[in-house]
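Below: one structure, written as structure tokens.
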Amino acid sequence: MFGFIKMIENFLRKLRTNKRAWFSTIFLVSITGIGLSLYLLITLTDAIAEEVYQSQAREHRLKLRNFEQIKEGELKRIAVLLSSNSTWIAAVKSHDVALIDSLKQPFYTLLEGKKSPPIEISFYTAGTPRESLRSTINSSFQSKNDIFGIEVLHDGVFYVYLMPILEEGEVIGVVEIKESIYAIKENFNRLGKTYLFILDGKMLSSIAVQFRDGVYEEISQDFFINKNIYDSTEMMYAGILNESAIRTFNNGGYLLEKEFYLTGTPVRDSTGVVIGLVIFGENANEEGGFVGMSNKMSQQVIMVALGLIVSLLLFMF
């Protein structure tokens, strides 16, 4: 070990006697050190940026769950209000469909201007033939439990809250409160985020012809979007959703381009069947946005590293 140290000392002593070799060696060692530091800094910055993007993807999914829980609470409150109304209960017990329908109007008037897209109210009495009812409604009758979830119905895709009306432990009817799935879009738009719901093609036949023809546009193989809901920028995002991007979103990943950041998550209905995808997006150039901040951080790291190299060159020459 001592001999090795002496060898190094002799080598350095000889270098000092040859100033050209000495400075060249120092320069090469310094450049190598700075290059290695630059590589490590950029690698670390990229790793941090990757974690930021993955974290944002998780945060968007969490926001969606939170908004859906809020939506469930809103629809439940309306269902509770209706199911506790004695006039409603009497009409349900007597299977008076005409009276039930007439009693909806005061509630629609109360909600008018407060909900967009509008909330819809339906009642199903115990006398309704079970074979004519959806499986979720029959399940609410049989289980005597509330059911909340997304359903693809003849007139579109909705958040649906079902509440059985009980009298002496028996179900005398079920109240249904539904609101368009696009109601959640407003929550994300208020945060400056893009929200897109794309429907799996296998579910399109569940929507009646008059509610799908001229409304749903194919954007990728087996996926469709309601073009009447979104503006040109949002439709531009939809236009880049190829099979590869959809596969990435299904796996919890994200898509980052110069102008935008997109991520997504599968959407399941009340029975657990995947009916489509929700896509979340953000303009990469938005002031104060996380994409811009991440890019700015990367640029600053590179500028600092380049500044060190320039300083070294000035020092050497």
Got at least one residue in the stretch 179-190 being polar (S, T, N, Q), modelled with pLDDT of 90 or more, surrounded by 18 or more Cβ atoms within 10 Å (Cβ to Cβ) and within 24 Å of Arg77 (Cβ to Cβ)? yes
What's the number of the condition Leu204 fails, among (1) at positive phi; (2) in contact with a Lys or Arg (Cβ under 7 Å, 6 or more places away or on another chain)? (1)
Are there strands (runs of 3 or more DSSP E) fully within the stretch 240-289 with at least 1 residues that are modelled with pLDDT of 85 or more and either farther than 17 Å from Phe224 by Cα or out of contact with any Lys or Arg (no Cβ under 6 Å at 6 or more places or on another chain) (or both)? List them. 260-268, 274-283
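Conditions tested, residue by residue: (1) over 20 Å from Ala79 (Cβ atoms); (2) within 28 Å of the chain's Cα centre (by Cα).
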{"position": "Thr125", "(1), (2)": "no, no"}
{"position": "Thr128", "(1), (2)": "no, no"}
{"position": "Tyr161", "(1), (2)": "no, yes"}
{"position": "Leu166", "(1), (2)": "no, no"}
{"position": "Val171", "(1), (2)": "no, no"}
{"position": "Ile198", "(1), (2)": "yes, yes"}
{"position": "Leu204", "(1), (2)": "yes, yes"}
Verdict on Val160 being in the same structural domain as Pro129 (by TED's automatic domain parsing), more than 17 Å from Thr125 (Cα to Cα) and either out of contact with any Gly (no Cβ under 7 Å at 6 or more places or on another chain) or at pLDDT 90 or above (or both): yes
From Gly149, Gly173, Gly156, which residue is surrounded by fewer than 18 Cβ atoms within 10 Å (Cβ to Cβ), in contact with a Ser or Thr (Cβ under 7 Å, 6 or more places away or on another chain) and touching a residue at least 12 places away in the same chain (Cβ under 8 Å)? Gly149
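The values are calculated or read from the model by the stated rules, or taken from the named source; none is laboratory data. Note that this is a predicted model, so its numbers are computed, not measured. When we count neighbours, we look across all protein chains shown, and the Cβ atoms used for this are built from the backbone with ideal geometry, even at glycine.
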